[in-house]
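The next block holds one structure in the form of structure tokens; read it before the comments.
The values are calculated or read from the model by the stated rules, or taken from the named source; none is laboratory data. Note that the structure is predicted; figures quoted are calculated from it, not measured. For neighbour counting, all protein chains shown are included, and Cβ atoms are generated from backbone atoms with ideal geometry for every residue, glycine included. Just the protein is used for accessible areas: all its heavy atoms, side chains included, with ligands, DNA and RNA removed. Shrake-Rupley method; radii C 1.70, N 1.55, O 1.52, S 1.80 Å.
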Amino acid sequence: MLTIKQYVKASSLEEAYELNQKKSNVVLGGMLWLKMQRKNVGTAIDLSGLGLDTIEEDEKEYRIGAMATLRQLEQHAGLNAWTGNALQESVNHIVGVQFRNMATVGGSIFGRYGFSDVLTVMMALDAQVELYKRGRISVEEFAALPYDRDILTGIVIPKKPVKAVYLSQRNTKTDFPVLTCCVSQIEDEIRCVIGARPMKAVCLRDEKGILSQGINKESAEKFGSYVSETVETGTNLRGSAQYRKLIAGVLAKRALLAL
């Protein structure tokens, strides 16, 4: 059971940051995963009054506030048009609409959960996180960092020419994924991000030049084999490490051909 001794609705990011420096304190997101923990929280820090629940765009980028919900991502016409509906596909299997109306983008990314669909797609889109003190860093770099006491304020997706395909394997429709895969082409670079390994998502690139002559059935097959051989996976109740390796190769091949 989660026990909260004190609740504070932060009036500024500085106040939230100062409160969060105490280890017993915690930032609230949508309170969907946090409430499942057995934990004693000193002060629960609410960011909902700081205007971080919007999705904005200019000529260079999309800026997604940390308190924007997964449902906002799912329904945002501009983002889905830009990403070929990859963002929508990445979130519309997550539990149900009521859940996605509460789950926040910031919570999904900051948690760096091994099962995260959102982390997978954001890494493939070369997105950046905005941290209150540290500033902007790539999602790929952020995922590899240890947890700290900074405040994640938003996610930035650059408006680079992009094509993306998102696929996932689930045992049942709304369950956690067995494996996630997002293949993207950003300008001339092809990325293949594999998540729910069940570790954090990881980005694989075409370091062997398998796709240098273009994507076709043969090159997609070879790249899928490369992904299967290269990606590190683990075993849990949803699948074995060996099964995940096989699925990773299959999803990478399918995503490439769809791309």
request  = Could you pull out the residue among E61, E57, E89, E74 that is touching a Gly at 6+ places or on another chain (Cβ under 9 Å) and of a type in the set (D, E)?
outcome  = E57
ask   = When the residues of the range 186-217 are filtered to those that are assigned to a strand (DSSP E or B) and open to solvent by 60 Å² or more (accessible area, probe 1.4 Å), which remaining residue is farthest from S108 (Cα to Cα)?
value = E189
query = For the range 1-27, which residues satisfy the criterion of being surrounded by 15 or more Cβ atoms within 10 Å (Cβ to Cβ) and farther than 16 Å from L50 by Cα?
reply = I4, N25, V26
Selection from the range 235-259 of residues that are among the hydroxyl-bearing types (S, T, Y) and crowded, with 19+ Cβ neighbours inside 10 Å = none
task = Take the residues in the range 53-63 that are assigned to a strand (DSSP E or B) and charged (D, E, K, R), then tell me which one is nearest to the chain's Cα centre (by Cα).
result = R63
ask   = Checking F176 against (1) modelled with pLDDT under 95; (2) in a helix (DSSP H, G or I), which single condition isn't satisfied?
value = (2)
task = Scan the range 20-39 for residues that are closer than 18 Å to M67 by Cβ and part of a helix (DSSP H, G or I) and jot them down.
result = N20, L34, K35
task = Check the range 218-234 and report whether any residue there is farther than 22 Å from S90 by Cβ, open to solvent by 60 Å² or more (accessible area, probe 1.4 Å), modelled with pLDDT under 95 and not aromatic (F, W, Y).
result = no
Pairs, first without any contact (Cβ under 8 Å) to a residue 12 or more places away in the chain in the range 38-67, second open to solvent by 60 Å² or more (accessible area, probe 1.4 Å), C-beta under 6 Å, six or more apart = E56/R63
request  = Scan K222, K208, K245, K217 and give me the residue that is touching a Phe, Trp or Tyr at 6+ places or on another chain (Cβ under 9 Å) and basic (K, R).
outcome  = K208
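Which one of these is out of contact with any Ser or Thr (no Cβ under 6 Å at 6 or more places or on another chain), charged (D, E, K, R) and in contact (Cβ under 8 Å) with a residue 40 or more places away in the chain: K217, K253?
On the way: K253 fails: in contact (Cβ under 8 Å) with a residue 40 or more places away in the chain.
Result of the check over K217, K253: K217.
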remark   = Scanning the range 40-52 residue by residue, the ones that are touching a helix residue (DSSP H, G or I) at 6+ places or on another chain (Cβ under 7 Å), hydrophobic (A, V, I, L, M, F, W, C) and in a strand (DSSP E or B) total 1
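Could you look through the range 72-98, keep only residues that are out of contact with any Leu (no Cβ under 7 Å at 6 or more places or on another chain) and of a type in the set (V, I, T), and pick out the one that is surrounded by the most Cβ atoms within 10 Å (Cβ to Cβ)? First the steps, then the outcome.
In the first step, residues of the range 72-98 are kept if they are out of contact with any Leu (no Cβ under 7 Å at 6 or more places or on another chain); the result is 72, 74-78, 81-82, 84-86, 88-90, 92-93, 95-98.
Restricting the remaining residues to those that are of a type in the set (V, I, T) gives 95, 97.
Values: V95: 16, V97: 11.
Here the answer is V95.
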key: Within the range 121-137, tally of residues that are of a type outside the set (D, E), out of contact with any helix residue (DSSP H, G or I) (no Cβ under 7 Å at 6 or more places or on another chain) and closer than 22 Å to L167 by Cα   = 2
query = Say we look at the range 28-45 and pick out the residues that are over 15 Å from R149 (Cα atoms) and not aliphatic (A, V, I, L, M); which of these is surrounded by the most Cβ atoms within 10 Å (Cβ to Cβ)?
reply = G30
